[in-house]
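Okay, structure first, notes after.
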Amino acid sequence: MNGLGARVGGEHSCPNLHLIFSFTLLSLRKRMAATIMILYVSKLNKIIHFPDFDKKIPVKLFPLPLLYIGNHISGLSSTSKLRSDLAFNLEGYIFVFLNDIFTAASGVYTKQKMEPQELGKYGVLFCNACFMIVPTLILSVSTGDLR
């Protein structure tokens with residue numbers, strides 16, 4: 001087994017939650033940065049289209065960016081927890097369940113509350129990443145993850 005779920009004296013040692021959370025934040029920052037860069041470059045090269053930023057967009061999108069970040073954090077955390085050991089892992093399954101909830105809520109909110117033709121799927125994805133990268137960086141700094 002790897003270091004996250006090593007057996008000590010026949011029992012599982014408690015995984016270092018800080019390492020898993022740091023890995024999750026690092027992966028999340030990379031995903032958001034890649035999303036922003038790829039979508040922006042694609043827009044500049046006229047491969048895709050979404051509207052330019054408007055002051056009304058944050059109000060229209062809220063709480064979608066929070067669901068977006070919750071979806072990513074729970075998804076990455078569940079992957080980290082469940083990959084650490086092949087045995088049943090309650091914490092890992094809780095993260096999977098949370099990920100399912102965030103995914104469903106995001107889909108329902110997008111379909112019922114927003115006008116998708118206004119921003120389009122790429123615009124929604126771009127705005128979610130842009131709005132949440134700063135809070136994610138602040139969280140990374142506050143937890144010491146950027147050291």
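Bear in mind these aren't lab numbers, they're just calculated from the coordinates by the rules spelled out. Here the structure is a predicted model, which is why all the values come from computation and not from measurement. In this analysis, Cβ positions are derived from the backbone assuming ideal geometry, glycine residues included, and neighbour counts consider all displayed protein chains.
Of the trypsin sites (Lys or Arg not before Pro) found in the range 37-67, those in coil by DSSP whose Cβ has at most 13 other Cβ atoms within 10 Å are Lys46, Lys55, Lys56.
Is the C-alpha gyration tensor of the range 16-142 telling us rounded, prolate or oblate? Criteria: a/c under 1.5 is rounded; beyond that, a/b larger than b/c is prolate, otherwise oblate.
Details: a/c = 2.26, a/b = 1.70, b/c = 1.33.
The shape class here is prolate.
Legend: distances between Cα atoms for Lys46/Lys81; Lys60/Lys81; Lys43/Lys81; Lys81/Lys111; Lys56/Lys81; Lys56/Lys121; pairs beyond 28 Å are Lys46/Lys81; Lys60/Lys81; Lys43/Lys81; Lys81/Lys111; Lys56/Lys81. Cβ crowding within 10 Å, taken as a proxy for footprinting-reagent exposure, orders Met32, Met37 from fewest neighbours to most as Met37, Met32.
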